[in-house]
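Chemist: Here it is, the structure in full.
The values are calculated or read from the model by the stated rules, or taken from the named source; none is laboratory data. Bear in mind that the values here come from a model prediction, so they are computed numbers and not experimental data. Virtual Cβ from ideal backbone geometry, glycine too; neighbours counted across all protein chains shown.
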Amino acid sequence: MILAANDENIARAADILRGGGLAAFPTETVYGLGADAFNSKALARVFAVKNRPRFDPLIVHIALLDTLNTICNLEKLSKTARQNLKTLASNFWPGPLTIILPKNHCVPGIATAGLDTVAVRFPSHGVALKLIASSTGAIAAPSANPFGRLSPTRAEHVALHLEDKIDVILDGGPCGVGVESTVLDLCAPTPRILRHGGLCAEELQKVCVVETASQIPSEKSPGQLPSHYAPKTELIIFEQGAEPPLEAVTGQETAVIYFSRGGRQDSRQSAAAGKKQFFLSETGSTAEAAARLFELLHELDSQGLRRVYAEKAPESGLGMAINDRLNRASYK
Ligand code: TXA
Ligand code: MG
């Protein structure tokens, strides 16, 4: 059941959550599949519906800073980490940043896959905030897609695979950011990015020392598998600024996604005339490209193509998150 995300339906969805049901809802990053974070049974259903392995912990979404004191044991943080939390929260919350913190007992082990840490996110989307505040104040929500598949940036993407398995989908239109939140581990000796996402590393580094490990140990980020965010259609990536293979532009059942239109030679444009080619951003903005990424992959996935080629983004701004998603989506 898809419902417009108006106040009445948000209240209805909040009732469903309080009663142990599952509600998909928009956030500024992607749509989430929400369940009461304190209800183990509801959380078990989230794993079942998504076909998600139990070792992959969930993010708990809050709508009030105070809730941190309920779900986290902040005493366990070092003094520096506590200071960092304060700085990060005041600069970036609400927003697309998830912070890993020591967990409190009231959060059931199933939410955190048995870890003694909990991922916390304070989203900025008005619908998400209302829904969280009018339910139990702590909503666990993975992205609302079957495990390993493309993340949903529209209510219809959620409906495609999950509509008959969950209780309600709140439709709040397309998500503005388009890639998931950045996951930052504050329990590490130095704050460490576990997943690049909607808040870029450069922004984080302006207010706090942040480590960007290129290889994150899997026990630190249990959900970051090499294959993830995968479309059904085969996806092949090529280096930024390079030419895709000839087949990409001449083949009948292929499409090419370029990062941006800028700098593309005329000759290529004409060679590709009449072919399926797309630009993630007209202007070369990584934020614009991120907002379009999953949207376009969903669209192309419905066209029965044989293969999609995608150019990598520059490794700055949201380009890190885009390339992370492209790498995993194309992993074989
Ligand atoms: O933008 C987002 O973060 C979206 C929206 C719905 O808020 N949610 C989302 O959730 O992307 P999900 O479940 O698809 O991804 C959660 C990521 C996984 O990679 C998981 O391993 C990591 O967060 N994570 C959760 N708890 C963790 C923990 N305690 N320690 C390390 N990583 C954790
Ligand atoms: Mg996900």
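Chemist: Name the residue, out of Glu295, Glu288, that is of a type in the set (Asp, Glu), more than 17 Å from Ala248 (Cβ to Cβ) and touching a residue at least 12 places away in the same chain (Cβ under 8 Å).
Modeler: The match here is Glu295.
Chemist: Mind telling me which of the residues Leu129, Leu184, Leu162, Leu170 ends up being surrounded by fewer than 24 Cβ atoms within 10 Å (Cβ to Cβ), modelled with pLDDT of 95 or more, within 22 Å of Pro94 (Cβ to Cβ) and more than 9 Å from ligand 1 (Cβ to nearest atom)?
Modeler: Answer to the check: Leu129.
Chemist: Any residue at all in region 214-229 that's more than 19 Å from the chain's Cα centre (by Cα), buried (at least 17 other Cβ atoms within 10 Å of the Cβ) and not β-branched (Val, Ile, Thr)?
Modeler: No, region 214-229 has no match at all.
Chemist: Now for a different question. Which one of these does Ala113 not meet: (1) farther than 22 Å from Phe294 by Cα; (2) within 13 Å of ligand 1 (Cβ to nearest atom); (3) in contact with a strand residue (DSSP E or B) (Cβ under 9 Å, 6 or more places away or on another chain)?
Modeler: Against the list (1) farther than 22 Å from Phe294 by Cα; (2) within 13 Å of ligand 1 (Cβ to nearest atom); (3) in contact with a strand residue (DSSP E or B) (Cβ under 9 Å, 6 or more places away or on another chain), Ala113 comes up short only on (3).
Chemist: Given the criterion free of Cβ contacts under 8 Å to residues at least 12 places away in the same chain and either among the hydrophobic types (A, V, I, L, M, F, W, C) or farther than 18 Å from Glu299 by Cα (or both), identify the matching residue among Leu235, Leu160, Leu199.
Modeler: Within the list Leu235, Leu160, Leu199, the selection yields Leu160.
Chemist: Taking strands (runs of 3 or more DSSP E) that fall entirely within region 161-233, which contain at least 2 residues that are farther than 30 Å from Arg12 by Cα?
Modeler: In region 161-233, the matching strands (runs of 3 or more DSSP E) lie at 182-185, 192-195.
Chemist: Select from region 234-265 the residues that are in a strand (DSSP E or B) and either within 16 Å of ligand 1 (Cβ to nearest atom) or hydrophobic (A, V, I, L, M, F, W, C) (or both) and list them in ascending order.
Modeler: Leu235, Ile236, Ile237, Phe238, Ala255, Val256, Ile257, Phe259 - these are the residues of region 234-265 that are in a strand (DSSP E or B) and either within 16 Å of ligand 1 (Cβ to nearest atom) or hydrophobic (A, V, I, L, M, F, W, C) (or both).
Chemist: Could you list, in sequence order, the residues of region 137-159 that are away from ligand 1 (no atom under 14 Å from the Cβ) and either in a loop (DSSP other than H, G, I, E, B) or buried (at least 24 other Cβ atoms within 10 Å of the Cβ) (or both)?
Modeler: Residue satisfying the conditions is Gly137 alone.
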